[in-house]
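*Asks:* Mind having a look at this structure? Questions to follow.
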Amino acid sequence: AGREGGGGGEKSMKVEGEQAGIGDVDRGDLSGGHSCRWIFQSYMPSQWEYEWSVNIEMWHLDICKHSNRYAEDIHSWVQLASRFTGAEFSEDFETQDWAVLDPARRVLSEYVFFRPCDGSYKIIPIEPLVGLTRHPWFCATEGEHITDTSYLYLSSGIAALNAAGSRRAILFDLGAGLYQNDTLFDSQKWFVDTFRKRGVEITDIFAWESRSLSPELVWLAVPAHLAAHYHWYNIAVDLNGSHARNPLNILRQVAKAEDYVILKLNVDHPRLERDIMLEIIRDNSLHQLIDEIYFEHQLTSCRFPPCWQHYPPHIGCEETLLDAYYIYSQLRLAGIFVHSWI
């Protein structure tokens, strides 16, 4: 991670003009020389994402009606994302597929990087912020794809660009569950396996879980190669609490600019999750450290069971799709690869 240089591009200014310059990134020295670093220049939403961003205030009132109108774009998105399910890293493979399936660059959004030492640019694609920000078949199938992660466009180019010069790749898992659970989608193993295919070996895991779990059960699931680097906090996340309860404090202490840092947030406490994301937006020092975020934004506009509106008043669930689009777009403009999680 790390940030410097550049500013928001023309398309990103259309999303949030007053914030378009916040995304200045130094992605580390990948060449062995201090003068040759990939620098984040801009986030450019695709044409499809831009259409959603300017119409979301109206369209969120009947989100599935508008989502289902984009059958051709949905087909392209699913095809593009599926090319990386189980695929090993191949930059040529990625570039060729992208050019064939999305020739007008309408569907996927883009991060643009610049390397001053040789004047070269690199574009890293990402899935667009459209619809419910989940799997695009979600509405058409009335929620059948609620836990389907195949909509994520996990570009192998991120690994080549950011992780090549990193000392460590660190996963901060907020709402961790177990490392592996056959009955629930506890996602630590998914992250380790998925990032390995992208050329990034996760070296350290910091995990927070509020449910009281047996230490024997927790450690039984942790693979031997991670045991010495596995940090387990069986306590509730508290943004204002002690250092151990506040994951962002731990992240600030542990992570370095040269590390590759992944943050997953799903603690089933919508107000707390919102506050954590807003803290990351406000704190430029965290932009220097965090490379990717996976966030399940729990909303009031429920279209599927289990409805997020079941939360008690003290936990709250006042967030709307407008709030979701704001949070995701601001963090993407800051140069962080942000994905909507399940």
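Coordinate-derived values only; no laboratory data. Remember, it's a predicted structure, so these values are computed and weren't measured experimentally. Backbone-built Cβ (ideal geometry, glycine too); neighbour counts: all protein chains shown.
*Asks:* In sequence order, what are the phi-derived ³J(HN,Hα) couplings for segment 40-53 according to the Karplus relation 6.51 cos²θ - 1.76 cosθ + 1.60 with θ = phi - 60°, rounded to whole Hz, with x for glycine and proline?
*Replies:* Calculated HN-Hα couplings, in order: 5, 9, 6, 10, 10, x, 5, 4, 5, 4, 4, 4, 5, 5 Hz.
*Asks:* How do the peptides 43-56, 210-223 rank, highest first, by the average count of neighbouring beta carbon atoms within 10 Å per residue?
*Replies:* 43-56, 210-223
*Asks:* For Glu201 and Ala224 in one chain, what is 0.36 nm times their gap in residues minus the Cα-Cα distance, to one decimal in nm?
*Replies:* 6.8 nm
*Asks:* Further question on the same structure: At 0.36 nm per residue, and after removing the present C-alpha to C-alpha distance, how many nm does the segment from Glu258 to Arg211 gain when stretched out fully? Kindly include the intermediate steps, with their values, before the conclusion.
*Replies:* Details: separation 47, 0.36 × 47 = 16.92 nm, distance 3.28 nm.
Gain on stretching Glu258 to Arg211: 13.6 nm.
*Asks:* While we're on this one: What residues from segment 53-77 fall in the zone where the backbone N is under 15 Å from a label point 7 Å along the Cα-to-C-beta line of Leu322?
*Replies:* Of the residues in segment 53-77, 53-63 have backbone N under 15 Å from the label point off Leu322.
*Asks:* Right, another one. Taking 41 Å as R0, compute the FRET efficiency from the Cβ-Cβ separation of Ser150 and Ala236 and round it to 0.05.
*Replies:* 0.85
*Asks:* Right, something else. Local charge sum around Lys256 (other residues, Cβ-Cβ under 11 Å, Lys/Arg +1, Asp/Glu -1)?
*Replies:* +1
*Asks:* Highest first, please rank the peptides 246-252, 124-130 by the mean number of other Cβ atoms sitting within 10 Å of their residues. Please report the intermediate quantities before stating the final value.
*Replies:* On the way: 246-252: 18.1, 124-130: 23.7.
In descending order of packing, they fall as 124-130, 246-252.
*Asks:* Check each of the GluC sites (Glu not before Pro) in segment 223-296 and keep only those in coil by DSSP with at most 15 other C-beta atoms within 10 angstrom; list them in order.
*Replies:* When the GluC sites (Glu not before Pro) of segment 223-296 are filtered for loop state and at most 15 Cβ neighbours within 10 Å, Glu258 remain.
*Asks:* Could you order the peptides 284-291, 169-176 from most to least packed, using the average number of other C-beta atoms within 10 Å per residue?
*Replies:* 169-176, 284-291
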